[in-house]
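First up is the structure itself, then whatever we jot down about it.
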Amino acid sequence: MIFTVGFVYGEVQDHGRRLLIVEAKSDAMQTTMARIDANVSFLADRAKEDRATILDRERR
């Protein structure tokens, strides 16, 4: 029984450590995703402006 309790305790400690690592990586990915989202939004707006400019030139 002592072996089982020790094993379970070790597993819980290991899972806690691994969870902290995953949470840290998740926070970093959220920051990266926010930057990517901002860049995509900028590029989409830029593409709309470029298309509008091209259509305006073609009409003239």
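The values are calculated or read from the model by the stated rules, or taken from the named source; none is laboratory data. As the structure is a computational prediction, the values presented were derived from the model and not from experiment. Here the Cβ positions follow ideal geometry from the backbone for every residue, glycine too, while neighbour counts run over all protein chains shown. Protein only, heavy atoms only, side chains kept; ligands, DNA and RNA dropped before computing areas. Shrake-Rupley method; radii C 1.70, N 1.55, O 1.52, S 1.80 Å.
Here are the numbers for this structure:
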| read-out | value |
| --- | --- |
| Gain in span if fully extended, Thr53 to Val40, counting 0.36 nm per residue against the direct Cα distance | 2.7 nm |
| Charge dipole of the chain about the Cα centre (unit charges at C-beta), most positive-ward option of Thr53, Thr31, Ile21 | Thr53 |
| Cα long-axis angle, helix 2-59 against the chain (0 to 90 degrees, to the nearest 10) | 0 |
| Volume in Å³ per residue [convex hull over Cα atoms, computed for the chain] | 53 |
| Test item: Cα-centred dipole of the chain, Lys/Arg +1 and Asp/Glu -1 on Cβ, debye | 340 |
| Surface per residue (accessible, 1.4 Å probe) for the chain, Å² | 97 |
